[in-house]
Amino acid sequence: MAERSIAASFLRFQRSFGIRQVRLVTGLILFSYLISHFTNHALGNISVPAMEEGMTYHLAFWRSWPVTIVFYTAALTHMSLGLWALYTRRQFRWVTTEMIQLVFGLSIPVLVIGHLVGIRLAASLLGHDKLYAQAFFAYWVYRPHVMWMLYAVLIVAWVHGCIGLFFWLRTKLWFKKAAGPLLAFAIFLPTVAMLGLYQGGRAIVRASASPEWRADNLNTGKVGTGADQILLDNIVQYALYVYLGLIVLVFVARGVRAIMERRGGLVRLSYGDGQTIQIPKGLSVLEASTRFNIPHSSVCGGRARCSTCRIRVIGDCAALPKPSSREAFVLERVGCGNDPAIRLACQLRPKSDVAFFQIFPARAGASALSQAIQTHAGKERYLVSMFVDLRGSTKLAEKLLPFDTVFIINRFLTAVSQAVVECGGRPNQFVGDGQLALFGLHTDPQTACRQAITAAGRISIHVDELNKFLGKDVPEPLRFGVGIHGGEVIIGDIGSHDHTVFTALGDAVNVTARLQDMTKQLTCEVVLSDEVRKTAGLPEKTWPPVEVPIRGRAEPMIVHAVKKAETLLKLGDDFASAAA
Ligand code: FES
C-alpha cells in the first residue's frame, strides 16, 4: 500500500516537472550563490579584512567539490535554457519585465566571463591566489572600466533573478502578504553589497600606493605573470566568441523554423466571439493571441503554472495534440483533468483549425489565479446553484450516431458554460448532458442571484445560436431546463487523495436539481426558488408564485416557473443598469 502511494507520488512529481521547473531549480541555486556573494561584498562596509574573512567561509562552501559540480551544472543548464527560451519563444511582443529578464539573462555571461576567468579559472588552472585585495586592485586601479562592468553585472544578475522569482512566487496565494518584505530585501542586499564594494575599493586604492602593500599583494604567487594574463585574456576572448556564436546560431535556427512553418501551412483559430485569425502551425494559442493583440489572461506568462489561460475548445477535441505531462498535471490540479475540451492556451499548439472561448476574463490577474487553483478545505457559505439539463437527449441518442450525439452534447454544454462565465458564474460539474454552475464564490448573495437569473436568459441566446448552427443536423431544436436556488452550502474539494473536484454540497444544491426536474412537469424552461427572487431584490409580483412539494422535505416550497428563459434577459439589463 505504502509502496503504491510512494510510486503515485513519484509519478505525480515526475509529471509536474518540466523544462520550466529545471530552469527554476537551477535559477534558485544561482540565486543562492548571489545572496552569499553579495552578503560577502556587504562586509566591505566594515573593512577589507572582514570581506576576506567572510570569503573564506563563502569559498569553503561554494568551492567544495560537490557544490562546485552542482553549481556549474546549474549555471550551464540555466544558460542553455536561456538560449532555448530564445529559440522557442515565437514572438517578441513581451511585457517589459519578460523582455528585461531575457535580455539581462543573456547578457550575464558576457559581463561576468572576465571576472570568472580572471579569478576562478586562474585559481584552478594557474594556482593564482586572488582575493578581494587583488580583485580591487585589478578593477579599481589597473583596469578601472571593469569596476563599472562589475557593478553592471551585479545589478543585471540580481534583477534577472528577482524577476524569475517574482514570476514563480506571484502565483502563490501568500505572495501578496510577503511582497513588501521581499521587495525591501531585494533592494537592501544589492545596495549594501555595492556600498561594500565601493568602500573596499577605496581602501585598496589608498593602500596600493604603498610599495610594501604591492610587494605583499601583487607578487606572482598571488596574481601570476604577464604571460598568465595574456592566456587568461585569450580564454575570455574565445569564450565570448563561442557564446555570441551560439546566440547567432539560435537566430539562424529561428529563421529556418519560420520558413519551414510557412511551408507547413496555416491553421485558423476562432475565439468564439466572432474573432478569427490564421497562424502558422507550431504557435501556441496564447502566442497567437499575443501576436494578434487579442487580450488573453496569462498570469504566469505562459509557463504552465497558473491555468488562467485556460480555454474551452468548442466541438471535436480528437484532432488536438495530446496535452504534455506538465499541461495534464496543471489541468488535473484545477479539477479539469477529465475534460478533453479544457486546455491551457499557452501549451496547446493546434495542428488543425480550432474554435474555443477563454474561460477567464482576458485581463484576469493573480486574483483570478487564486480562484483557479485554490484548494478548498471545506467551508460554509451562501451560494446560488444552477442546474441546466438538455431535454430529449435520449431521443437524440436514438436518432444520431454516438459520435454525433457526443459532439452535440459538448456543443450544448459549451453554450451553457459560455453564458455562465459571461455572467460571472463558474461552470462546476458536468453530469451526463447536464451542468451544475455556481454563482457567488466571489460576490455577495444579491449579485449571485442576479448573475444566475441573467445567465439563464443568456443560455437561451447561446442555445438559439447553436440551433441555428446545427440546423437540420439535429432531428429537432435543442431544448433545456434550468433550476436555480440559493442557500448555505459547503464548498470544498471532494474526492480521493489522487483525484479531487471542487464543488458545493448541501440541501440547497439538491433542491436546485429537483427544481430543474420540475421544469418538465411545469412545462417551462426555468424554475427558480422564491428565495432567489427575494435575494435578487425582485418584487413579489415579478412572477406568480407556485407552491410545490419537494421530495425529502416536509414543507412545500414557493417557486416561480418562467416559461421562456429569454424573458429573463430584460431583468439582466435592469440589473446591469442598476449596478452602473
Ligand atoms: S499562462 Fe499560466 S498556465 Fe498558461
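Since every read-out is calculated from the coordinates, none of them should be taken as a lab result. All figures in this text were calculated on a predicted structure; none of them were measured in a lab. Using ideal geometry, Cβ is built from the backbone for each residue, glycine included, and neighbour counts are taken over all protein chains shown.
For the reader, a short list of remarks on this structure follows.
- Leading residue at positive end of dipole, the chain (Cβ point charges), from F167, V146, G392: V146
- Pairwise Cα separations in region 375-579 fall into 10 Å bins from 0 onward with the following percentages, short to long: 9, 36, 35, 17, 3.
- For N428, distant residues with modelled amide H under 5 Å away: L436, A437, L438
- For region 39-54, 3J(HN,Hα) per residue [Karplus equation, 6.51 cos²θ - 1.76 cosθ + 1.60, θ = phi - 60°, Hz, x = Gly/Pro]: 4, 5, 4, 4, 5, x, 5, 8, 5, 5, x, 5, 4, 6, 5, x
- The chain: relative contact order in percent, alpha carbon pairs under 8 Å with at least 6 residues between: 11
- Each of S210 and V242 was given a label point 7 Å from its Cα along the Cα-to-Cβ line. The distance between the two points is 4.2 nm.
- Whole-angstrom gap from region 339-361 to region 253-331, using each part's C-alpha centre: 7
- In plain terms, the chain from Q521 to T39 could stretch by 166.0 nm, reckoned as 0.36 nm per residue minus the Cα-Cα distance.
- For R458, net neighbour charge (Lys/Arg +1, Asp/Glu -1) across residues whose Cβ lies under 10 Å away: -2
- The chain: angle of helix 507-521 to the longest principal axis, Cα-based, in degrees nearest 10: 40
- Label point distance in nm, K351-I69, each placed 7 Å from Cα along Cα→Cβ: 4.0
- Kirkwood-based shape ratio for the chain, expressed as Rg/Rh from alpha carbons: 1.11
- Counting Lys and Arg as +1 and Asp and Glu as -1 over every other residue whose Cβ lies under 12 Å from the Cβ of A397, the net charge comes to -1.
- Relative contact order %, region 375-579, counting alpha carbon pairs below 8 Å whose residues are six or more apart: 25
- In the chain, a dipole from Cβ-located charges (positive for Lys and Arg, negative for Asp and Glu) runs towards its positive end, and of Y271, G226, N510 it is G226 whose Cα lies farthest in that direction.
- Computed on region 460-580, with alpha-carbon pairs under 8 angstrom and 6+ residues apart, the relative contact order is 22 percent.
- Using θ = phi - 60° and Karplus 6.51 cos²θ - 1.76 cosθ + 1.60, couplings along region 237-250 (whole Hz; Gly, Pro as x): 4, 5, 4, 5, 4, 4, 5, 5, x, 5, 5, 4, 4, 4
- Separation in nanometres of the label points that stand 7 Å from Cα toward Cβ, at N338 and A179: 3.7
- Dividing the summed -39500 (n - 2.57) terms of all DSSP H runs of n ≥ 4 by the residue count of the chain sets its mean residue ellipticity at 222 nm at -18500 deg cm²/dmol.
- Cα pair count fraction exceeding 12 Å, expressed as % - region 120-175: 75
- Label zone at I19, where the point sits 7 Å out along the Cα-to-Cβ direction: region 233-268 residues whose backbone N lies under 13 Å: 254
- Net charge of the neighbourhood of G105, taken over other residues with C-beta under 11 Å away and scored Lys/Arg +1, Asp/Glu -1, is 0.
- Straight Cα distances below 29 angstrom link K177 to the lysines K379, with same-chain residues fewer than 8 positions distant left out.
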